[in-house]
Amino acid sequence: MIPVLPASAPATAPHTVTGSSVTRIMLILLATLVPATVYGFWLYGWPSIFLWIVTVLSALLGEAACLKMAGRRAMPSLLDGSALVTGWLLALSLPPWAPWWIGCIGGLFATILAKQVFGGLGYNLFNPAMVARVFLLISFPVQMTIWIAPMPITAPAALNFHDGLLVFIRGIPDLDAVTSASLLGFAKTELSRGIDLFHSLAASTAPVTTFSGNRTGSLGETAALLIAAGGLVLMAFRIISWHIPVAMLAGIAIPALIFNSIDPARYLDVSAHLLSGAAMLGAFYIATDYVTSPNTKYGQLVFGFGCGFLTYVIRTWGGYPEGVAFAVLLMNAVTPVIDRYLKPRILGRDWRGAPLDPAIEKAKS
Amino acid sequence: MGLIEKFLHNLKAPHWGVHPDDHKRPAADAPIRVLPLPARLYVPLQQHVGQAARPIVLVGQKVLKGQLIGEPQGRISAPVHAPTSGTITAIGDITAPHASGLPFDAITITSDGLDQAIEVDVPADPFALSPTEITNLIAAAGIVGLGGATFPASVKMALGKRSEITTLIVNGGECEPYLSCDDRVMRDHAADVVDGVRLMMYGMGAKEALVGIEDNKPEAIAAMRKAASHFPKVKIRPVPARYPMGSDRQLIQTLTGKEVPSDCRAADVGVIVNNVNTAYCVHRALRFGEPLIRRIVTINGGAVWQPGNLMVPIGTLAADLFEFVGLKSEPARLVMGGPMMGTVISHANIPVVKGTSGFLALSEEEIPHSEAGPCIRCGNCTSVCPIGLLPLEMAARVRAGDLDGASTMGLSDCISCGCCSYICPSHIPLVQYFSHAKGDLWAQERSKLKMEAAKKLAVDRAARLEREAKEKAEAAARRKAERDAAKAAEAAAKAAAAATESTATTTETVS
Amino acid sequence: MLAAVTSLTALGAILGCGLGVAARKFAVEGDPLADEIEAMMPGSNCGQCGMAGCSAVAKAIAEGSATVTICPPGGKALATALAAKLGISVDLGDVVDSGPQIAQVKEEICIGCCRCMKACPTDAVVGAAKQIHNVIREACTGCGSCVERCPTEAITLRPVPVTLQHWVWPKPEIEAEA
Amino acid sequence: MSEYFFLLITTALVNNVVMVKFLGLCPFMGVSKRIDSALGMGLATTFVIVLAASVCWNIEHWLLAPLGLGYLRLLTFILVIAAVVQFTEMVVHKMAPSLYQMLGIYLPLIATNCAVLGLALINIQEKHSFVTTVIYDFGSALGFTLAMVMFAGMRERLSLARVPAVFTGAPIAFVLASLMSLAFMGFSGLNFK
């Protein structure tokens, strides 16, 4: 009997796999973002819809162009949905009435310089959406800090499609009529003017924190509860684990609680911190990015807590009113070190990797 | 189960592993069928871990069923026996049940159809024998671990003798999907299995036996509980159904709470693990004198008409088995063993060996098709790894050629269970990376050993050359000395002769 | 001016003395690296690298005048081990590693001249004058010293045949990873 | 006391010597391929920075300033730094031979690490007291080590990435450093008052 050698490399075990795939994960993630996004659209009207479209398209374009240049097949990578997620999350973190070129530059920057130059999906070291957001914030501080008071798209005073397009392309004509400060920014400005929180928040111009999210901010921060609900769905699907979100929210809430109880005139309370800014978006969607967060449970707890704590530090003492993006980037930079030092224990070895003592194990019963 | 109980159950459940679709039924529910005797059997000489057996029969020789045809060589080895009576028609290559498709040696027996067994002495009461005699009988029967590892059972018991064994763990986990040969032997031969377990306990001096059975086999648990009800030392322990519960270290940890240190054997912590089918074979060997010449094999898979378990002689070709159960369609992939760790075989002319738990004929829909994508670092592989490794990091290092980096991350602890490859949403063949790396490291190790041996040879040679040169010099010196001595002697002799002569002359003159 | 010169001179003198004392105190004897590297080399002194024996190569590698990929019998395995030892990264693409090889005698051409036997650094060739020689597989390092000596070209290097025990899973080839 | 703590935080994070002041980029790029060597380099540099800067401060205050030899400052400081580096090299060679191997040429090159000279000069320029000098330099060196280790961790991961051919090596390292610097911008304006 002559053995027949297989022509190519033999198929390897296991001969059965899960039904999960990268595309499926990304699609579920996007699906859970839909309610918050649609709510944001309703609050901020047509310009925000246009911004969302342009940002997402730019991200996809940047990805496709890079793949084309690298001579790789563009379709499988585009279809995995990761660029879509990046663009979408970036759009959610921009001021809703930002001009078109902000979205365009941001989308391209995110996929090209933060992701594809590192080798594409899985190799980027920083969260692409947050890199783009920080880059935009530093480069175009004026456009990136114009916040619009929410005005439901159905309201009579809201812009129609045509006017929305004009605002989107030419910029906002009458700034003072529509702008408003976000809570964190307002508190910071007033504090720097020497007005403590009791007085500044009591003023009629103060932004209000409501659970419905009907307040000033980016698309993704207004609907904090919808974002959190989406995050819970992700946990239910086991796409993200609880470690990072819980640790990050704790990282914000614990120092907020401590400092607020020490000096309520200077430090905002816990709910203000948790519900404003990108805390929820960051905790459930940004910090949980697989590629740029640690792999192990312990590492994720450290990472999440670090993100939250740095967010609080930057918000409270830093030069920027919002710190989620910076905090996530900083912790992204620490992730490889965390991964290196916080490894799970190998069965039959101690934490340092030395084999266990058989005598001790034998004595167990 | 109440909510709180369920919660507690979840807490206690292992936090590793995966839950693949088990596909065990309907095959597991059909009673064991006996395969009609095939015309030819191909009995490989290497069916176990260790050195291959040495054939002791000649081509053309007639053999009886159960007759020894290959004797063990070396410390870790096992004999092979003729599975039926007939004539030896060839001793040579046959494709091994191995992913490489490379050949190995096998003895071909053409059956005479009589299935005539050789006469053997059966001990009247095996419990009257000494434990060593039991071990010897098990060794002579060629019994190896039938769970798939095929480590010679008697060697395992002998290794255990060095350290005191308290617990015999009997592995009825059978966590691999599709397979049900362990399930079936427990259902159909529960009493025999329990007897085998007791014999093994006696042979190794264990105080108790824990039979771990996954809780997805309620019938087997019930049957075994009934069979073991008179023997309090044999305890039936249902374990959560979770792959890879049937792996030694996981089962030991689940049943006893002991962790086997990574550089030790289970015996070092006072535990020995044996498969339920091994226990059944021990029973057959000690009560009926039947060596390991047949076993229960699961035939399953989407392409099979009548999936089920067959009692087949060792050496039967997979093709004969598939013919017996019938194929619905051309199978897309043939696998020996389960789908998680089984070996793909390139064709069906592969013999059943002692470690064959099953053959699967998988249909096109059952096998994975997705192309591997880039790793997105989701960490699923890390959370399912039963050992606590970081498969993604190890694979990335292997891919970049950094084998040492991979082995410092614990490559040698990997049991190749396949959980990581199974769960990977990017469908990266992680296990293949690890198999490749392990093979490569092993090859490096071999070449290092060889290099050391060569170095010793080189040193020896240098020493030899030096010695030879020295000896040569000495010999030359000796020869020179001898020559000189000879010369001197000659000269002396000459002188003496001359002297004598002169004396003689003188004498002569005198006289 | 004087102050500047004096102070700089004084400073220089103090620092110089300090360093002199430190050099005594923290003196490091010899370079143990060369010895350690020599222990890793094949030690057969086959001379394929073009240097005089393994210890000379070890010294050269320790000094950095030879690359870690210099040893052909050591192949990739040795190169990676040396690179790890020296804490450098090495491009293994340049190493031509044809896999392990062993010498084989073509029996019909061998004239039994014994030259290969004398050349073999590990005594892997056995035979006697006018008898066909043979190579002991386990002892042959595949260094090729014998190949050049053979007057009838009866010795060739062959890759070690792959058996079930030697087979290694190939590294996965993935389009997306290429 | 808390003032010193905030000084430490400020020098390590807000005014990070590498990421914000862009000093000491040579070892930052050169010895950041592995975490171990980066950590070793960071510690060695910390040692040199603190020792050199405190010696320099004393020389400035007891020698150069009283004698009005300000114009010799650069020369003197470089002399001191070179001597300290030489000393460090001996110590490392003796105590940690493998680290000595790993750091290679970059160990003597600490002498030309502009962070060392830069910090010594800044101390004089900012008229720090001696204690402030030590804390300021220790904080800065800590920041240097932190940046080195973080960067090395990322480069270790990067070495396994599929970076496009045009970006492999130094280019991607610079892109990475720039993104990291972007992240450190978050600390700008950090003020605990």
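Any read-out appearing in this document is the output of simple, stated calculations on the displayed coordinates, not a laboratory observation. This structure is a prediction, so every number in the text was calculated from the model and none was measured. Note that each Cβ is placed from the backbone with ideal geometry, even for glycine, and that neighbours are counted across all protein chains shown.
A few comments on the model shown:
- Every pair of different Cα atoms in chain B enters the Kirkwood calculation, which places the hydrodynamic radius at 26.1 Å.
- Max mean-square fluctuation residue, GNM over chain A, Cα-Cα springs under 10 Å, options A:Phe161, A:Phe305, A:Phe284: A:Phe161
- Largest-first ellipsoid semi-axes for chain C, taking √(5λ) over the Cα gyration tensor eigenvalues, angstrom: 51, 24, 12
- Straight-distance crosslink candidates among lysines, where the alpha carbon sits under 19 Å from B:Lys226 and sequence neighbours closer than 8 are dropped: B:Lys217, B:Lys235
- B:Ser370-B:Asp29 FRET efficiency (beta carbon distance; Förster radius 30 Å; 0.05 resolution): 0.40
- About the Cα centre, charge dipole magnitude for chain A (Lys/Arg +1, Asp/Glu -1 at Cβ), debye: 1060 debye
- Charge tally in the Cβ shell below 13 Å around C:Arg149, where Lys, Arg are +1 and Asp, Glu are -1, C:Arg149 excluded: 0
- Phi angles across the stretch A:314-319 convert, under the Karplus curve 6.51 cos²θ - 1.76 cosθ + 1.60 with θ = phi - 60°, into 3J(HN,Hα) values of 5, 4, 7, 10, x, x Hz, Gly and Pro given as x.
- Taking the DSSP beta bridges with both ends in the stretch B:40-145, the antiparallel portion is around 95 percent.
- Distance from the alpha carbon centroid of the stretch D:25-83 to that of the stretch B:185-250 works out to 71 angstrom.
- Chain B, relative contact order [Cα under 8 Å, separation at least 6], %: 16 percent
- Computed label-point distance, nm, for sites B:Lys456 and B:Lys226 using a 7 Å Cα→Cβ extension: 6.0 nm
- All C-alpha to C-alpha distances of the stretch B:372-482, sorted into 10 Å bins beginning at zero, yield P(r) values of 14, 31, 15, 10, 9, 8, 7, 4, 1 percent in whole numbers.
- Gaussian network model of chain A, springs between alpha carbon atoms under 10 Å - residue of A:Gly120, A:Gly353, A:Gly164 with greatest fluctuation: A:Gly353
- Cα pair count fraction exceeding 17 Å, expressed as % - the stretch B:50-92: 30 percent
- Of all complete DSSP H helices in chain D, those with a Cα span along the helix axis of 20 Å or greater and a mean Kyte-Doolittle hydropathy of 0.0 or more are D:35-59, D:73-95, D:130-158, D:170-184.
- Kirkwood Rh (inverse of mean 1/r, distinct Cα pairs), the protein assembly as shown, angstrom: 36.2 Å
- C-alpha center-to-center spacing [the stretch B:286-363, the stretch A:110-144] in angstrom: 55 Å
- Here's how it looks for B:Val239: its modeled amide H is under 5 Å from those of B:Ile213, B:Glu214, B:Asp215, which are all 5 or more places away or on a different chain.
- Straight-distance crosslink candidates among lysines, where the alpha carbon sits under 17 Å from A:Lys362 and sequence neighbours closer than 8 are dropped: B:Lys161, B:Lys207, B:Lys258
- 0 to 90° range, to nearest 10: angle between helix A:161-170 axis and chain A longest Cα axis: 80 degrees
- The stretch A:78-92 versus the stretch A:319-360: alpha-carbon centroid distance in Å: 28 Å
- Cross-link reach is defined here as a Cα-Cα straight distance under 16 Å, omitting same-chain residues fewer than 8 places apart; for A:Lys188 the lysines meeting it are D:Lys193.
- Förster-model FRET efficiency, 60 Å R0, B:Ala191 and A:Tyr298, C-beta, rounded to 0.05: 0.80
- Positive minus negative residues near A:Pro47 (Lys, Arg vs Asp, Glu; Cβ under 13 Å): 0
- At a Cβ-Cβ separation cutoff of 4.7 angstrom, cysteine residues of chain C with no neighbouring cysteine are C:Cys17, C:Cys49, C:Cys54, C:Cys71, C:Cys110, C:Cys113, C:Cys114, C:Cys120, C:Cys140, C:Cys150.
- The orientation-averaged projected area of the convex hull spanned by the Cα atoms of chain A comes to 26.6 nm².
- For a 4.7 Å threshold on C-beta separation, the list of partnerless cysteines in chain B reads B:Cys175, B:Cys181, B:Cys264, B:Cys281, B:Cys375, B:Cys378, B:Cys385, B:Cys414, B:Cys417, B:Cys419, B:Cys424.
- Taking the Cα centre of the protein assembly as shown as origin and assigning +1 to Lys and Arg Cβ atoms and -1 to Asp and Glu Cβ atoms, the resulting dipole is close to 820 debye.
- Tally of Lys pairs whose C-alpha atoms are under 28 Å apart, taken over chain C, 8 or more apart or cross-chain: 11
- Computed from backbone phi with θ = phi - 60° and the Karplus coefficients 6.51, -1.76 and 1.60, the 3J(HN,Hα) list for the stretch A:82-92 is 5, 5, 4, 4, 4, x, 4, 5, 5, 4, 5 Hz; x is used for glycine and proline.
- Note, ³J(HN,Hα) from phi for the stretch B:55-62, Karplus 6.51, -1.76, 1.60, rounded to Hz, x at Gly and Pro: x, 10, 10, 10, 4, x, 6, 8
- Whole-number percent relative contact order across chain C, with pairs defined as alpha carbons under 8 Å at least 6 apart: 16 percent
- Considering only D:Ser181, D:Ser37, D:Ser159, the Gaussian network model of chain D with Cα springs below 10 Å gives its largest mean-square fluctuation to D:Ser159.
- Each Cα pair under 8 Å and six or more residues apart adds its separation to the average, and for the stretch A:241-343 the resulting relative contact order is 34 percent.
- Rg/Rh ratio calculated on Cα atoms of the stretch C:101-159 (Kirkwood radius): 0.90
- Computed from the C-alpha gyration tensor, the three semi-axes of the ellipsoid equivalent to the stretch B:46-191 are 27, 21, 18 Å, from longest to shortest.
- Charge tally around B:Lys455: other residues with Cβ under 13 Å, Lys/Arg +1 each, Asp/Glu -1 each, net 0.
- The stretch D:68-193: Cα Rg divided by the 2.2 N^0.38 Å rule of thumb: 1.31
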